[in-house]
């Protein structure tokens, strides 16, 4: 599958997709095309393993709906027997973002971890191990 990378702006998050590895980092304002493009990429994904890392410092309601569509698709992949792992990363003082991640975690039956940012680098170092297990 073709990889893609969309660099973020002050309104759109950085988005990356390649070989079952997806990243979403930055701000998600009202009109976030990058998240929609990530969702379209996911719809075409044919692999067996998906690792999705999310670190948003702001998310408006409209992008949240698109993000929920991504999670619904990830749930479908999980139900088909594919390995799905999600990291929701938040800043240590951002309780709203933490609660958003915990809400999403409760809604979906996938391997979904809500992590404070100080653990992010440690988790990234473990990525190769995790992808081997996925």
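The values are calculated or read from the model by the stated rules, or taken from the named source; none is laboratory data. Treat the numbers as computed from the prediction; the structure is a model and nothing was measured. Here the Cβ positions follow ideal geometry from the backbone for every residue, glycine too, while neighbour counts run over all protein chains shown.
Residues considered: 31, 11, 45. Of these, the only one that is at pLDDT below 80, surrounded by 16 or more Cβ atoms within 10 Å (Cβ to Cβ), outside any strand (DSSP E or B) and over 14 Å from the mean Cα position of the chain (by Cα) is 11.
If the requirement is being over 18 Å from residue 14 (Cα atoms), in contact (Cβ under 8 Å) with a residue 12 or more places away in the chain and surrounded by fewer than 16 Cβ atoms within 10 Å (Cβ to Cβ), which of these qualifies: 80, 95, 102, 76? The conditions single out 102.
The residue of segment 79-101 that is farthest from residue 43 (Cα to Cα), among those that are assigned to a helix (DSSP H, G or I) and modelled with pLDDT under 95, is 95.
Residue 64 meets each of the listed conditions (1) closer than 25 Å to residue 9 by Cα; (2) part of a loop (DSSP other than H, G, I, E, B) apart from (2). The sole residue among 24, 51, 38 that is surrounded by 20 or more Cβ atoms within 10 Å (Cβ to Cβ) and closer than 19 Å to residue 114 by Cα is 24.
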